[in-house]
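The values are calculated or read from the model by the stated rules, or taken from the named source; none is laboratory data. Model, not experiment: these values are computed from the prediction. Accessible surface areas use protein heavy atoms only, side chains included; no ligands, DNA or RNA. Shrake-Rupley method; radii C 1.70, N 1.55, O 1.52, S 1.80 Å.
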Amino acid sequence: QAFVWRYALGWHATLEEAHTLSLTDRAFGEVVHQLLQYTVVTLENGTGLARAAVHEVENALSQATERVARQWPAMRPTPPPMLWRHTLEEAARLALAALRLDEFKPGTRSWTEVPFGEAGATGTLPWDPEPKILIPGTRLAIRGRIDRVEIAAGDTAVRVTDYKTASAPGNVQALILDGGKELQRALYSIAARHHMTDAALHADLVYLGDETPRRHKLQDPEAAMTRVGELLNLATALLERGVSLPGPDDEERWNRYRLARPAVGEPTARKGAIDEAFGTFRQVWRER
């Protein structure tokens, strides 16, 4: 339902805080991603991330931090100076953990914030970002940006990475789609497979909030891509019948569309009625 409200009806919040004492989790994640993007671009324009010494990585990250420190307050709500500096230090710490996570094989190239399905993207990229990316078995096209792309020498393998600034849940090794909440690795895999049909494909999830971040691999990217297509076809069939229903997170405090839902005490459909209307699609909430 929130998808329809946002992307079909164009509903969105019209007011935004001009001042804030702290960034939202989403905004903090964007800061970390910007730091990674600027750092990797700087290093790839030189000797390359794979060959960079520790001090070169730290210097490039320091430059990126100063750049974000100047740019962000001009465009987005920003905490007071002391809190903002602390926020940047924490974001830089997570970014450095991401950059130090891997040992690269010779010839590996690295990019961050890699666009796919987008027209007008510029910069040095591993592929042409404009072609339409269709989810296998569906009529649905996707677009977006991949947190991290690494391509082995000779284009023999490609690895896509989704970074999270939180800590890993206890069952992270078993997660594939996590009831629809964990889609990035599968969608990133679709984009990478479209552009690199013959390369070995790896899709990882990294929780930078862990004391020792590590890679959590998607065990079967091909199966995950197929399953996403199956579930989205079920969702498409619902919408084509005019059925737009709330998901299990419709009452979560972070959900910006809570305001459009019935208030506490107002009559709502019984959960059983919603489950019945969802039909076979309700199984998505139970997906690993």
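Note on the chain: antiparallel DSSP beta bridges, both residues inside, total approximately 65 percent of the bridges counted.
With the cut-off at 1.5 for a/c, could you classify the range 201-249 from its C-alpha gyration tensor as rounded, prolate or oblate? Here the range 201-249 falls in the oblate category. For semi-axes √(5λ) of the Cα gyration tensor in Å, several values are listed as [x] 34, 26, 17; [y] 29, 24, 19; [z] 23, 21, 21; flag the one computed from this structure. Entry [x].
Calculated accessible area for the range 12-128 comes out at 59 Å² per residue, all protein chains present (probe 1.4 Å; ligands, DNA, RNA ignored). The gain in end-to-end length when the Ala74 to Leu239 segment is fully stretched comes to 55.4 nm, 0.36 nm per residue minus the alpha carbon separation. Taking Gly120, Gly209, Gly180 in turn, the Gaussian network model of the chain (Cα-Cα springs below 10 Å) assigns the largest fluctuation to Gly120. By the combined test of axial Cα extent (at least 20 Å) and Kyte-Doolittle hydropathy (mean at least -0.5), the qualifying DSSP H helices of the chain come to 25-44, 81-99, 221-240. Element breakdown for the range 160-288 at a 1.4 angstrom probe: carbon and sulfur atoms account for 52% of the accessible area. Per the Debye calculation on the range 175-288 with a single equal scatterer at every Cα and no solvent contribution, log₁₀ I(q)/I(0) for q = 0.12, 0.13 Å⁻¹ amounts to -0.59, -0.67.
Between Tyr257, Tyr38, Tyr188, where does the largest GNM mean-square fluctuation fall for the chain, given springs only between Cα atoms within less than 10 Å? Fluctuation is largest for Tyr257.
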